[in-house]
Every structure is written in C-alpha cells, then in structure tokens.
Amino acid sequence: VDVCFVFDTTSSMKSCLAAAAAKMCQVRNFILTYMGTSAQVRFAVVGYRDYGYEDPIQILPFTSNSQQVTNFLEKLTTKSSRDWDMCEDVISGLQAAVEMDWSATTKVMYLICDSPNHGRRFHDLRDSFRNDQHVDDPRQWAAADAAFAAINNLQLDLICLYIWKSTSRTSKTCDKMFNVFRELLSPNEQAHEMQVLTMSDPTCEFVKCITESCSRSLSNSLERFCKTKHGGQNSEAEHHFEIVPLDWENCTCWPEYQVELKSYKVHQQLEASHWWNASTHILHIRPEPFSEGAMRYAFPAFDERREMKLVVKVYKYGEKRWRSAALLEKDAVSQAFARVVALEFSKRLPNTPLTFVRVQLMSVKGSLEAASHLQCATVEQYMPGEYKKHTNNSSFLAEGSEVAQAFSHFSWQFTGGKYMITDIQGINDSVMTDPQIHSSILGDDRFGPGNLGENGMDSFFVAHSCNAICHQLGLSSSPLQVNRDLACTDGLSHDDSCRI
C-alpha cells in the first residue's frame, strides 16, 4: 500500500497538521493490522501553500518509516501570507504528488484542505480581492487536467478530507472543486472511487476519518483485483438464449438425450477425494434456459424414469477452457467440498441447518450438432422456492445474509485458514448451490477460476462484521475485520492495535 498525504500548509491548517503528526503511528498500525503484519506500507507527504511563498511545495518521498513521516510533519510549519485570500494552489500539490514513485498495488492519495483552488472553475465565490486574487489563473485548466490524467493513469484512489470550521468563511466553498475533481476522474468501469469526508475537529477525528476511508479504499482495491482475476469477466458469451419462464407441464416432450452422470465425493478430512458412481440416464432437456447468471445458463431437465426434476448448467463462453470437463470437475469438487463443511456447520447449529445440493458432471453420448452447448455440463436437482444471492466471491454481502456470512467465516476457521467457501446463493436460506472456494495453499487448482486465494479471503473479511451466529459458533476474528473496532481505534497504542 502506498499512501500520500497532500496537506494545505497555510496557517488555517495548523491544528490539522499537529493532529496528523501525533496520530501517524496509529494510522500505520491500523493499516498493518488491517492488511497483516507482513504488508508493505509506504507513506509520503506533500505540503503546498499559495503563490508568493519562498517554499510553496515541501515533499517527503515515500518511506516505510512512520517516524520519518511524524518528524517531517512536526517540522512542516504553517505560514500565512500578507496577500491573504481564501484560495490556495491545490493543483500544484496534486501535481507534486503524482510525480512521486508510486509502485504498490493499492495507491491512496489524501487531499487535506479547507480552501479551493484558484479560479472560477473551482469555486463560486463573489468577485473580491479577498476571495481570489487569481480568479483567471490559467493553471485551473491545463495543469489541472494534466494532474488528473496522471491520477487516472496511476489508478489512484483520491480521498478528500475537508476541514470545516463553524466560524470559517470557506464553509462549503470546496464543494464545486470536489465536483470538478469527480468529473476529471476516468468515467470507465475501472475508475477508482473518489471519497469526500468532512472533519470539524481534526484532533479528535483525524484517525477515524483516515481509517474509515482507507478501509473502504482497500476493500475496493481487493474487489477490483477479484474482478480482474476472475476469467469470465474478459470472455464474451458465445451461446445466446432467450430466457423462457419455467413450465414443467410438457417436460416429457422436450428433446431426449442419453447422458453419463458422474459424482464426486470428498472425505471428512477434506484433503482426500475421488470420483465415484458413474451412471447412464435418459434426460429430457428443454432447449431454452429458464434462468441465467453472470457466467452460466440454467436449463430445465427431467429424468422420466426417476421422475426427477433437474437443472442443467452450461457456461456461456465459447473458449475451449469453458467447455472442458476439467473446469466442470472443479465446480463439482467445490460443491462436494462445501457439502462436507456445511454438514459440520449444521451439527453446531441444528436450528439453522445449511446444505448444498449434489452436483454431477454430465456428458452426452452420441452426436450433438443441434445442441453443442450441452456436450459438457453439470446437473443438480431442481429446488423450488425463492432464489437469493447472499454473497459473492469477493466483498459483496447482501442484506440479511448473516447465515451465509457466518458459514464463510466458519469454513475458514474450521479448515485452519486453508479454505473459505464463498459466493453463497440458493433457495429458502438453507439449500445452497454454486459456491466458490478460496484456497490459501500455493498452487491449489482444484476449485476453478473463482478461487482467488488469500486475496479473496481478505476481500470477504474487509466487508464482514461478526454477527450473532459468528459469536454463537465462537469464531475468531480476522485482523482484517476492522469494522468491529473502528470506533475505538483512535485510542489504541501500538501494542493494543496489533492484538486486534
């Protein structure tokens, strides 16, 4: 993580600089607790002032030594100018920051200010020498655009901390500047979110504002990583089907296929597993799917001999890797693995039972010229009821997903931190399907493209706050679960924060 603080160092910011110097070690301890003690965290500082100063820009390059940051901030004195107006040279501060040696995966820039940049582009103050002596400042255009082009190119998370004083004449004068900044950030889907927070008392609120905004930024960074790594995001669907409402009335008239179904079994030890029970069946499979997710279509099927309603799931993508039996085997392995852990979860919570449907690998015998998408698929029993998406394999947590969250947390603790079962979804809050499993074991490729390893686990814990079920199960908190102790972080010593 690279974090750069861009401070307004004019006289009105004296108390904020003092608070930053006093609390910097706590900020560092928070991030290390959040990311793990092995995380690489660097800080940099840029102090900017207005035109007319002998030293308008002061810089501390990136360093992992938080004491150096504290020492620099303590020496970073605030100054006032005789030609005082309400605006400052904010853009020069941002320019100095983007020219630094950014190298981390997560890059966060804090702009800490109480006044807007010069120019009508950034404020609506009345024309007055005391408001803005450089209202037509040319740097409000090309220089500002160039600074934000660099921010976009570096993929920085910009967090603006506005220092508000009840007696200040600059109340809300930064709003227009912040809105312009938002417009200058990349509009594409990979854009990094800009946050704006307000502090009225930096001495008391500095750490809280930094930790809240930083945790959100780190969470977003993990989310972006997960989306990038998940292979389906960059694949185009080859199969396009119209979704048709489900109707079983004429299911015996649907096209008939002879298929082989193979099941996968995972032993209680979770490490040993093997294929078992391959059998041949005749299935009626409707040509139109009744549902679709981000990556797969769901087709209704009927086993007439067993009088069993089934669901056949097929990947949308045409690339060879999405059509391979090896990938579908990983889906079956994940489901079988989740069934074993769900059994252990339900033993401990008999009033909140949880199970996963059994998934089988389906291969069709004979020619399939008219239905090539069915050549390799998975099959599971159809479960009537309301389908709900509780979580994904990153940091999405739906409202009312306490059981699903507790199960993911339980899976991590039950397996000694080796695995975490995520992407919890299913019927009636108790019968689940299509999980994804993160493995912390290097090179473990049993669970398919949804396995994001420790990054996926981290992303879950960033968003998860332990609930009553977690406490009932006696689950240990992860260091990344900052939400639970955020309110008291400001008062922690170094030793206390490391024990969170």
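Please go through region 449-465 and give me each residue that is in contact (Cβ under 8 Å) with a residue 60 or more places away in the chain, open to solvent by 20 Å² or more (accessible area, probe 1.4 Å) and part of a loop (DSSP other than H, G, I, E, B), ordered by number.
Pro449
Filter region 437-448 for residues that are modelled with pLDDT of 90 or more and open to solvent by 30 Å² or more (accessible area, probe 1.4 Å); which is farthest from the chain's Cα centre (by Cα)?
Ile441
Quick test for you: out of Ser394, Ser363, Ser324, pick the one residue that is surrounded by fewer than 15 Cβ atoms within 10 Å (Cβ to Cβ) and over 16 Å from Gly426 (Cβ atoms). Explain how you work it out, then say what you get.
Details: Ser394 fails: surrounded by fewer than 15 Cβ atoms within 10 Å (Cβ to Cβ); Ser363 fails: surrounded by fewer than 15 Cβ atoms within 10 Å (Cβ to Cβ).
Ser324 is the lone residue from the list that is surrounded by fewer than 15 Cβ atoms within 10 Å (Cβ to Cβ) and over 16 Å from Gly426 (Cβ atoms).
Scan (1) of a type in the set (Gly, Ala, Ser); (2) on the phi > 0 side of the Ramachandran plot; (3) open to solvent by 20 Å² or more (accessible area, probe 1.4 Å) for the single condition Ser430 breaks and write down its number.
(2)
Only one of these conditions is not met by Phe181: (1) at pLDDT below 90; (2) buried (at least 17 other Cβ atoms within 10 Å of the Cβ); (3) of a type outside the set (D, E, K, R). Which number is it?
Condition (1) is where Phe181 drops out.
Applying the selection to region 81-126, what residues are among the polar types (S, T, N, Q) and not in a helix (DSSP H, G or I)? Write out each step before concluding.
Taking region 81-126 as the starting set, the residues that turn out to be among the polar types (S, T, N, Q) are 81, 92, 95, 103, 105-106, 115, 117.
Ser81, Ser103, Thr105, Thr106, Ser115, Asn117, listed by residue number.
Could you list, in sequence order, the residues of region 42-77 that are part of a helix (DSSP H, G or I), modelled with pLDDT of 90 or more and crowded, with 16+ Cβ neighbours inside 10 Å?
Val69, Thr70, Phe72, Leu73, listed by residue number.
If you take the residues of region 414-427 that are outside any loop (DSSP other than H, G, I, E, B) and either hydroxyl-bearing (Ser, Thr, Tyr) or more than 25 Å from Gly474 (Cα to Cα) (or both), which of them is most open to solvent (accessible area, probe 1.4 Å)?
This residue is Ile427.
With respect to Ile112, determine if the residue is at pLDDT 90 or above, under 22 Å from Leu17 (Cβ atoms) and either among the aromatic types (Phe, Trp, Tyr) or open to solvent by less than 20 Å² (accessible area, probe 1.4 Å) (or both).
yes
Determine the pairs where a residue that is without any contact (Cβ under 8 Å) to a residue 24 or more places away in the chain, located within region 383-400, has a partner that is surrounded by 19 or more Cβ atoms within 10 Å (Cβ to Cβ) and in a loop (DSSP other than H, G, I, E, B) with Cβ atoms under 7 Å apart, the partner being 6 or more residues away or on another chain.
These pairs meet every condition: Ala398/His390.
Tally the residues that are more than 19 Å from Thr355 (Cα to Cα), in contact with a strand residue (DSSP E or B) (Cβ under 8 Å, 6 or more places away or on another chain) and not aromatic (Phe, Trp, Tyr), restricting the search to region 314-337.
Qualifying residue count for the region: 9.
Just to be sure before I move on: is Cys16 in contact with a strand residue (DSSP E or B) (Cβ under 6 Å, 6 or more places away or on another chain), open to solvent by less than 10 Å² (accessible area, probe 1.4 Å) and within 30 Å of Arg130 (Cβ to Cβ) in the structure I sent?
So Cys16 fits the description; yes.
The values are calculated or read from the model by the stated rules, or taken from the named source; none is laboratory data. Quantities reported herein were computed from a predicted structural model and do not represent experimental measurements. Note that we place each Cβ from the backbone using ideal geometry, even for glycine, and neighbour counts take in every protein chain shown. Side chains are part of the model used for accessible areas, which takes the heavy atoms of the whole protein and leaves out ligands, DNA and RNA. Shrake-Rupley method; radii C 1.70, N 1.55, O 1.52, S 1.80 Å.
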